[in-house]
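The values are calculated or read from the model by the stated rules, or taken from the named source; none is laboratory data. As the structure is a computational prediction, the values presented were derived from the model and not from experiment. Ideal geometry is used to build each Cβ from the backbone, glycine not excepted, and the neighbour counts take in all protein chains shown. Keep in mind that these areas ignore ligands, DNA and RNA; they rest on the heavy atoms of the full protein, side chains included. Shrake-Rupley method; radii C 1.70, N 1.55, O 1.52, S 1.80 Å.
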Amino acid sequence: MSAPTAPKTFHVKSFGCQMNVYDGERMAELLGAQGMTSVGKGEDADLVVLNTCHIRERATEKVYSDIGRLRRDDGSAPIIAVAGCVAQAEGDEIMARAPSVKVVVGPQSYHHLPEMVARAAAGGRATETDMPAEAKFAALPKRRKSGPSAFLTVQEGCDKFCTYCVVPYTRGAEISRPFNDLVEEAKLLVAGGAREITLLGQNVNAWGSEDEKGRKVGLDGLIRTLADDPDLQRIRYTTSHPNDMTDGLIAAHGEIDKLMPFLHLPVQAGSDRVLKAMNRSHTVESYLKLLDRVREARPDIAISGDFIVGFPGETNSEFEETLHVIDAVGYAQAFSFKYSPRPGTPAATMPDHVSPEEMDERLQRLQAGLQRNSLAFNQSSVGRRCSVMVERKGRQPGQWLGKSPWLQSVHFIGDFAIGDLVDVELIEAGPNSLSGRVL
Ligand code: SAH
Ligand code: SF4
Ligand code: F3S
């Protein structure tokens with residue numbers, strides 16, 4: 001076998017949430033700053049970073065099968081680094097089971113990736129899964145280039161400990177990045193081409209810091225400051241916990257034009273007993289009241305959510321309460337999942353697990369309801385005039401696809417470029433997209 005050499009090309013493959021996508025971009029920038037070149041496919045790269053997600057089952061199996069697939073016909077393999085939440089949760093086991101993995105790096109340690117890769121290139125292996133809050137960001141290269149729509153992680157980690165969820169274990173405690181660092185990173189993203197910024201955090205609305213004058217500032221204050229940049233057109237944030245939805249943030253939805261009328265606010269389940277067992281610390285009623293206040297501030301706001309069906313002990317009638325909630329809310333879009341037991345979480349050892357067949361059936365019924373919700377929301381948008389940010393070319397000649405302020409996919413015909421903001425009238429609606437006529 002030839003001696004390993006320093007990798008010249010790399011490929012980062014990210015799974016899971018938008019924060020992982022953000023981390024993947026930052027790792028790519030970091031490796032780029034070392035003089036390495038990003039390539040489109042893992043098979044062609046000297047170094048492959050698998051940036052993994054641990055939120056639901058089979059995450060770990062998927063990592064092992066991805067590792068296996070990276071072996072080339074001649075038996076060689078790239079240097080494989082496993083990053084992200086599976087690395088954090090199961091790093092030692094991966095090192096023991098998969099000799100081709102040379103680097104295991106957790107979500108709070110990836111600023112060390114270059115040294116770790118160098119060790120791997122010299123024939124060694126390296127693991128780092130420490131959780132030193134914030135150290136990472138200061139050690140990363142400054143942002144230079146951005147697509148029109150950029151992610152900016154402002155908050156990391158979670159202290160909520162919902163009983164089904166691994167995130168508090170894989171991402172650590174809630175931390176907020178400092179105000180000044182975020183204002184600077186946003187400026188660089190805008191200078192690099194961003195016209196829309198989505199502020200990210202597992203509990204993004206829990207973000208808090210001090211401004212340049214030492215005054216306390218919450219997410220609404222950060223949004224207000226970012227909105228002052230004339231070259232930034234749109235601001236979004238995700239994902240929020242109902243308990244951290246402050247009056248200031250609600251008011252911001254009525255006051256800041258650049259803050260898009262969209263709120264992802266997961267409820268998870270429609271039964272108070274199940275919510276309590278999930279440790280969600282809100283009730284159905286408090287959630288619905290909160291949405292009333294949000295809609296008072298911004299009547300056209302699109303509401304999005306996450307749902308889990310088949311939490312341990314959930315009865316059929318408790319599940320049906322979730323169906324009532326979705327009809328009360330009228331979701332513009334939503335993600336729904338079958339409960340998946342996660343190692344080390346309290347719910348995994350709770351009694352009365354729901355059978356897979358029952359979960360399948362509940363998920364189908366829920367998704368049918370959510371589909372009706374989003375069709376109704378899209379139909380209610382027909383006739384609206386709005387701006388659409390162009391994201392990519394459509395399949396037909398002259399066709400483009402973009403996002404409305406309400407995060408709907410809109411297609412339309414014309415002569416545009418990616419990143420353009422185009423004024424359209426929404427003329428036809430389906431459950432997943434609308435067509436627009438350019439004004
Ligand atoms: N911090 C966010 C979401 C984190 S994970 C929040 O609290 O809303 C994204 C979604 O995955 C969750 O909202 C939940 O619906 C789902 N999820 C998390 N753990 C899960 C599990 N063990 N089984 C099934 N779905 C899960
Ligand atoms: Fe997970 Fe709950 Fe934290 Fe969301 S709030 S990341 S679901 S523990
Ligand atoms: Fe997955 Fe980790 Fe995000 S578990 S959802 S990548 S925080």
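Quick check: is even one residue across the range 54-68 within 21 Å of the chain's Cα centre (by Cα), within 16 Å of ligand 1 (Cβ to nearest atom), of a type in the set (A, V, I, L, M, F, W, C) and surrounded by fewer than 22 Cβ atoms within 10 Å (Cβ to Cβ)? Yes, the range 54-68 contains a residue that is within 21 Å of the chain's Cα centre (by Cα), within 16 Å of ligand 1 (Cβ to nearest atom), of a type in the set (A, V, I, L, M, F, W, C) and surrounded by fewer than 22 Cβ atoms within 10 Å (Cβ to Cβ).
Within the range 211-221, can one find any residue that is at negative phi, part of a helix (DSSP H, G or I) and away from ligand 1 (no atom under 16 Å from the Cβ)? Scanning the range 211-221 turns up at least one residue that is at negative phi, part of a helix (DSSP H, G or I) and away from ligand 1 (no atom under 16 Å from the Cβ). Scanning the range 71-87 for residues that are farther than 21 Å from GLU29 by Cβ, touching a helix residue (DSSP H, G or I) at 6+ places or on another chain (Cβ under 9 Å) and not aliphatic (A, V, I, L, M) returns a single hit, ARG72. The residue that is farthest from ligand 3 (Cβ to nearest atom), counting only those in the range 201-222 that are within 21 Å of ILE256 (Cα to Cα) and touching a residue at least 60 places away in the same chain (Cβ under 8 Å), is LEU222. If you go through the range 147-158 and keep only what is away from ligand 1 (no atom under 11 Å from the Cβ) and either surrounded by fewer than 21 Cβ atoms within 10 Å (Cβ to Cβ) or within 30 Å of HIS353 (Cα to Cα) (or both), you end up with GLY147, PRO148, SER149. Residues in the range 310-336 that are within 30 Å of PRO299 (Cβ to Cβ) and not hydrophobic (A, V, I, L, M, F, W, C): GLU320, GLU321, THR322, HIS324, ASP327, GLY330, TYR331, GLN333, SER336. Does ILE308 qualify as being surrounded by 20 or more Cβ atoms within 10 Å (Cβ to Cβ), within 16 Å of ligand 3 (Cβ to nearest atom) and at pLDDT 95 or above? Spelling it out, ILE308 is indeed surrounded by 20 or more Cβ atoms within 10 Å (Cβ to Cβ), within 16 Å of ligand 3 (Cβ to nearest atom) and at pLDDT 95 or above.
Screening the candidates ARG97, ARG56, ARG144 for the property of being among the basic types (Lys, Arg) and under 30 Å from ALA277 (Cα atoms) yields one hit, ARG56. Listed conditions (1) free of Cβ contacts under 8 Å to residues at least 60 places away in the same chain; (2) part of a loop (DSSP other than H, G, I, E, B); (3) among the polar types (S, T, N, Q) are all met by SER281, apart from (1). Figure legend. Inter-residue proximity from the range 263-277: first residues without any contact (Cβ under 8 Å) to a residue 40 or more places away in the chain, second residues assigned to a helix (DSSP H, G or I), beta-carbon distance below 9 Å, spacing 6+ or different chains. Indicated pairs: ASP272/VAL284; ASP272/GLU285; ASP272/GLU321; LEU275/VAL284; LEU275/TYR287. Return yes when GLY383 is under 27 Å from LEU263 (Cβ atoms), over 28 Å from the mean Cα position of the chain (by Cα) and part of a loop (DSSP other than H, G, I, E, B) and no when it is not. So GLY383 passes the test. Residue count for the range 160-202 satisfying the condition of being part of a loop (DSSP other than H, G, I, E, B), more than 11 Å from ligand 1 (Cβ to nearest atom) and open to solvent by 30 Å² or more (accessible area, probe 1.4 Å): 4.
Filtering the range 145-159 to residues that are in contact with a helix residue (DSSP H, G or I) (Cβ under 7 Å, 6 or more places away or on another chain) and either free of Cβ contacts under 8 Å to residues at least 60 places away in the same chain or near ligand 2 (Cβ under 9 Å from one of its atoms) (or both) leaves SER146, ALA150, GLN155, GLY157, CYS158, ASP159. With respect to being of a type in the set (Asp, Glu), in contact with a helix residue (DSSP H, G or I) (Cβ under 9 Å, 6 or more places away or on another chain), more than 16 Å from ligand 1 (Cβ to nearest atom) and modelled with pLDDT under 95, ASP229 falls outside the description.
The residues of the range 113-131 that are in contact (Cβ under 8 Å) with a residue 24 or more places away in the chain and within 29 Å of the chain's Cα centre (by Cα), listed by number, are LEU113, PRO114, MET116, VAL117, ALA126, THR127, GLU128, THR129, ASP130, MET131. Go through the residues of the range 8-20 one by one and say whether even a single one is within 16 Å of ligand 2 (Cβ to nearest atom), open to solvent by less than 10 Å² (accessible area, probe 1.4 Å) and not acidic (Asp, Glu). Checked the range 8-20: at least one residue is within 16 Å of ligand 2 (Cβ to nearest atom), open to solvent by less than 10 Å² (accessible area, probe 1.4 Å) and not acidic (Asp, Glu).
Taken over the range 342-360, the residue count meeting the criterion of being among the acidic types (Asp, Glu) and either touching an Asp or Glu at 6+ places or on another chain (Cβ under 8 Å) or buried (at least 16 other Cβ atoms within 10 Å of the Cβ) (or both) is 1. When you check LEU263 against the structure, is it within 14 Å of ligand 1 (Cβ to nearest atom) and either aliphatic (A, V, I, L, M) or not in a loop (DSSP other than H, G, I, E, B) (or both), yes or no? Considered against the rule, which asks whether it is within 14 Å of ligand 1 (Cβ to nearest atom) and either aliphatic (A, V, I, L, M) or not in a loop (DSSP other than H, G, I, E, B) (or both), LEU263 comes out as yes. Within the range 410-439, the residues that satisfy the criterion of being open to solvent by 10 Å² or more (accessible area, probe 1.4 Å), in a loop (DSSP other than H, G, I, E, B) and closer than 20 Å to LEU232 by Cα are PHE416, ALA417, ILE418, ASP420.
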